[in-house]
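Peer 1: Sharing a structure, written as structure tokens. Questions coming.
Bear in mind these aren't lab numbers, they're just calculated from the coordinates by the rules spelled out. In this text, all values refer to a predicted model and were calculated from it rather than measured experimentally. All Cβ positions, glycine included, derive from the backbone under ideal geometry; neighbour counts span all protein chains shown.
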Amino acid sequence: MNDLIIYGAYGYTGELIAKLAIAKGWKPLLAGRDPHKLQKVAGELGLEYKAFDLHDTTALESCIRGAKIVLHCAGPFVHTYKPMMFACLKEKVHYLDITGEVKVFEAMARKSDEAKAAGIMLMPGCGFDVVPSDCLANMLKDRMPDAQYLELAFATRGKSSRGTQKTVIEGLHEGSAIRENGYLKPIASGSDIKQINFGDSKGIWAVAIPWGDISTAWFSTKIPNIKVYMALPEKLIKSMRVMGYFSFITKLGFVKSILTSQVNKGPAGPSDAERESGKVNLWGEVRNARGESKQLWLTVPEGYKLTSLTAIAIAEKVLNGEYKPGFQTPASMYGSEFILSFEGTKLKEPGV
């Protein structure tokens with residue numbers, strides 16, 4: 001029986017994770033919906049595989065029965081997490097995934113008691129979404145326990161995988177979101193922008209996005225007001241505003257199909273060289289009711305490389321018995337310093 005099952009293993013990130021698992025001496029079972037794509041990847045890696053649709057409950061439960069962990073890599077997760085989560089709860093298998101989708105975090109948090117009863121851990125967001133930012137949020141909370149406001153931001157110039165782009169397309173019509181006074185609040189795309197200093201002397205324009213931390217940082221820090229920004233060119237931010245006015249169009253199925261077909265024509269994701277040379281800069285600030293503030297900067301490896309590293313590291317911890325039943329975030333489970341254990345990460349504090 002395989003201790004680790006990777007579902008969505010022929011996707012760009014799923015394959016990276018599978019290769020890293022092999023490098024650690026593991027032999028995970030690869031799974032996914034498309035038998036031809038799955039067979040190709042499994043054959044190249046010399047691993048066993050099982051192909052089935054997640055809506056085939058019998059095949060899904062049979063596949064994961066007796067395993068210790070499912071590492072779910074098939075997105076958009078808003079469409080795929082539910083059958084996998086329910087199967088893991090029934091078969092008492094730990095659930096990990098690499099989503100950054102707020103709806104998934106919120107839904108899984110509501111299943112925490114069921115997971116505790118089953119003796120398993122539910123931990124969505126085991127990749128770049130949201131390990132580094134969750135750790136950064138908790139570092140800031142450690143430095144200001146009475147913080148009432150949290151702002152996070154990241155800047156990267158790397159390419160996105162097809163899966164990431166399809167997830168963005170899926171949520172285009174929903175606009176953006178923040179957390180205000182403990183509650184999620186929708187806002188128009190491109191409506192909240194600011195200049196952020198990512199450690200350089202010159203600020204970079206960034207726009208508020210519905211990043212997973214408006215959910216996970218709330219669960220792990222209980223800071224009631226949270227915003228997450230992504231650095232983007234000003235022209236693109238203006239385009240987001242325009243798209244917000246016509247969000248009803250992006251909700252139409254044929255529009256999504258057109259956009260998705262264009263994504264499928266592009267590269268699967270960053271090249272090996274781009275992953276190895278890439279970096280992501282993160283910034284965070286907390287403020288309390290008196291207006292006092294604390295800032296931190298964090299540099300981490302390229303996002304997809306980091307995702308494979310953190311996902312496998314978390315899987316290894318779970319296999320070693322380092323887990324708590326119920327819904328957990330990466331930093332609440334493994335500590336705010338967890339991200340600093342990975343080569344290529346660097347934390348900067350003001351005046352240090």
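Peer 1: Mind jotting down the distance between the C-alpha centroids of segment 297-329 and segment 118-134, whole Å?
Peer 2: 7 Å
Peer 1: May I pose another question? Can you compute the modelled spin-label distance between Lys324 and Ser271, with each label point 7 Å from Cα toward Cβ, in nm?
Peer 2: Placing both labels 7 Å along Cα→Cβ, they lie 4.5 nm apart.
Peer 1: Neighbouring Cβ atoms within 10 Å as the yardstick, rank Ser215, Ser308, Ser191, Ser220 fewest first. Show your work: numbers first, answer last.
Peer 2: Numbers: Ser215 28, Ser308 25, Ser191 14, Ser220 22.
In increasing order of surrounding Cβ atoms, one gets Ser191, Ser220, Ser308, Ser215.
Peer 1: Among rounded, prolate and oblate, which fits segment 266-352 when a ≥ b ≥ c are the square roots of the eigenvalues of its C-alpha gyration tensor, a/c under 1.5 means rounded, and a/b larger than b/c means prolate? Could the numbers behind the result be given before it?
Peer 2: Working: a/c = 2.20, a/b = 1.17, b/c = 1.89.
Oblate, because a/c is 1.5 or more while a/b does not exceed b/c.
Peer 1: Among Glu91, Glu302, Glu349, rank each residue by its count of other Cβ atoms within 10 Å, from fewest to most, as a rough exposure measure. Spell out each step's value before the answer.
Peer 2: Details: Glu91 18, Glu302 21, Glu349 11.
Exposure proxy ranking, most exposed first: Glu349, Glu91, Glu302.
Peer 1: Then there's this: Count charges around Leu347 for me, please; just the other residues with Cβ under 15 Å from its Cβ, Lys/Arg as +1, Asp/Glu as -1.
Peer 2: Value of the local net charge: 0.
Peer 1: So, one more: Residues of segment 316-352 with backbone nitrogen within less than 16 Å of a virtual label 7 Å along the Cα-to-Cβ line of Lys222, please, listed as ranges.
Peer 2: Under 16 Å, as judged by backbone N against the label point of Lys222, lie 329, 332-333 of segment 316-352.
Peer 1: Further question on the same structure: Multiplying the sequence separation of Asp113 and Lys348 by 0.36 nm and subtracting their Cα-Cα distance, what value in nm do you get? Write down the numbers at each step before the final one.
Peer 2: Numbers: separation 235, 0.36 × 235 = 84.60 nm, distance 3.74 nm.
So the chain would gain 80.9 nm between Asp113 and Lys348.
Peer 1: Which links in Lys92/Lys279; Lys111/Lys222; Lys27/Lys103; Lys50/Lys82 stretch past 27 Å when you go from one Cα to the other?
Peer 2: In this structure, Lys92/Lys279; Lys27/Lys103 exceed 27 Å between Cα atoms.
Peer 1: For Glu234 and Arg143 in one chain, what is 0.36 nm times their gap in residues minus the Cα-Cα distance, to one decimal in nm? Could you put the intermediate results ahead of the total?
Peer 2: Numbers: separation 91, 0.36 × 91 = 32.76 nm, distance 3.26 nm.
Once the chain is fully extended between Glu234 and Arg143, it gains 29.5 nm.
Peer 1: For a Förster distance of 22 Å, can you work out the FRET efficiency between the beta-carbons of Glu106 and Glu61, rounded to the nearest 0.05? Provide the component values of the computation, followed by the final result.
Peer 2: On the way: r = 25 Å, r/R0 = 1.13.
Calculated transfer efficiency: 0.35.
Peer 1: 7 Å from Cα along Cα→Cβ at both Glu316 and Asn181: what's the point-to-point distance in nm?
Peer 2: Label at Glu316, label at Asn181, 4.6 nm between them.
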